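The values are calculated or read from the model by the stated rules, or taken from the named source; none is laboratory data. Computed from a predicted structure; not experimentally measured. Cβ sites come from the backbone with ideal geometry, for glycine too, and all protein chains shown count toward neighbours.
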Amino acid sequence: MRGLAEEFAVQEQPATISIASYSCIIPALFMPFMSPKSSAWYAPSLAEWLDQTSDLAPLRAGMEQVASMESELPRWLPDYLAASVEPGLIKGETLALFVPNSALAARLRQMEPSLVAGLQSHGWRVNALRIRVRRPSQPMGAPRKQARISPAGLAAIQALSVALEPSPLRSALERMAARRQPSGDEQQPGA
């Protein structure tokens, strides 16, 4: 049997690639995507991926801990806080909690003793909270704000650009006025 490097080596002559030549490699690469009961393809869940190696077991345990805390935490929080607080991992005996703003973080710090006592009474090994503000991320590709110039402002820019001597400022004002010119389709207010 030839080595893997020889199998994938570039050949001088163009060759047709057949799936049969890679039949020993393909099942090993895609086994996680095949159903154990049939040869049907399926998308594995995150839990299945994490079960595949023992190296990922701590990650799965942390994920399950956060999910469990997420379901139990609202029991000890007022409604306005419960919807905004996201639990993190417990490191040592300190639970990390994330909130969207500093006002909620301050309120949560005031509630820390009763929250810790409630968690301890239900079997959680927590002695302290680490409260962090995590601002909600802005959506990717948020629309850029477009500046609008009134017709009077546009006329003032055009008048200023005509009054100036040739300069970089004049050419910049002319370009700005040209970009802001209404197209022939648009109606001028009051026209």
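Quick look at the numbers
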{"item": "Tally of residues being at pLDDT 90 or above and among the polar types (S, T, N, Q) across the range 149-164", "result": "2"}
{"item": "Residues (under 22 Å from H122 (Cβ atoms), free of Cβ contacts under 8 Å to residues at least 12 places away in the same chain and either in contact with a Lys or Arg (Cβ under 7 Å, 6 or more places away or on another chain) or in a helix (DSSP H, G or I) (or both)) located in the range 47-79", "result": "A61, E64, A67, S68, S71, P74, D79"}
{"item": "Counted residues, the range 71-82 - those being surrounded by 12 or more Cβ atoms within 10 Å (Cβ to Cβ) and either over 16 Å from I131 (Cβ atoms) or over 22 Å from the mean Cα position of the chain (by Cα) (or both)", "result": "6"}
{"item": "Identity of the residue in the range 83-123, hydrophobic (A, V, I, L, M, F, W, C) and in a loop (DSSP other than H, G, I, E, B), that ends up surrounded by the most Cβ atoms within 10 Å (Cβ to Cβ)", "result": "V85"}
{"item": "Residue match in the range 54-67 (condition: farther than 22 Å from S114 by Cβ and among the hydroxyl-bearing types (S, T, Y))", "result": "yes"}
{"item": "Scope the range 165-191; condition assigned to a helix (DSSP H, G or I) and modelled with pLDDT under 85; matching residues", "result": "R179, R180"}
